[in-house]
Amino acid sequence: MSTRVSILIGLTVAIMATPGFAYTGVQYAKQARITLKDAREIALKARPGTITGQELERESGGSGLRYSFDIKSGGVVYEVGIDAKTTYVLENKKEGSNPD
C-alpha cells in the first residue's frame, strides 16, 4: 500500500471517528433543512452539556424528521430532539431506562 493511500485511509478513519461528523441517519441529510452542525448548536442551547450520541431519524411529531442528541449534563443524560425542517426543539428530557 502506498503512503498516499495509507494517509487517505487514516484521514477517513479520523474524520469518521470525530464527533460532529459521524452519525446514524446520514441518508436523510438531503431531506433536512438544517445541518447537523446547526442542530447541535440548537440542542446545546436548549440543554448545555456534552453530546454523547447523535442521529438523524424519522420519528413521529413535528415534520417527522429530527436530529436526536444524547447530552450529558450534571451527570445525567438527556435526550434532545430538534426538528430537522423547522428547527423547533421537540424533546428535552431525561433519558429513560430504555434509551432509543
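Just so it is clear, none of the values below were taken in a lab; they were calculated from the coordinates. Computed from a prediction, not measured in an experiment: that's the story for all the values here. Virtual Cβ from ideal backbone geometry, glycine too; neighbours counted across all protein chains shown.
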Listed by chain and number, the residues whose amide H is under 5 Å from that of Leu90, excluding neighbours fewer than 5 places away on the same chain and using placed H, are Gly81, Ile82, Asp83
Run through region 24-100 and list the chymotrypsin sites (Phe, Trp or Tyr not before Pro) located in a DSSP loop whose Cβ has at most 15 other Cβ atoms within 10 Å. Tyr88
If amide H atoms are modeled at 1.01 Å from N in the peptide plane, then the residues at a separation of 5 or more from Tyr78, or on another chain, having amide H under 5 Å from its own are Ile71, Lys72, Ser73, Glu95
Step through the residues of region 40-49 one at a time and calculate ³J(HN,Hα) from phi using the Karplus curve (6.51 cos²θ - 1.76 cosθ + 1.60, θ = phi - 60°), rounding each to whole Hz and writing x for Gly and Pro. 4, 4, 5, 4, 6, 6, 6, 9, x, x
Between Ser73 and Gln31, what is 0.36 nm times their sequence separation minus the Cα-Cα distance? Round to one decimal in nm. 12.1 nm
Excluding same-chain residues fewer than 8 positions from Lys94, which aspartates and glutamates have a Cα within less than 20 Å of its Cα? Glu41, Glu55, Glu57, Glu59, Asp70, Glu79, Asp83
I'd like the FRET efficiency for Asp38 and Lys94, computed as 1/(1 + (r/R0)^6) with the beta carbon distance as r and R0 of 25 Å, rounded to 0.05. 0.55
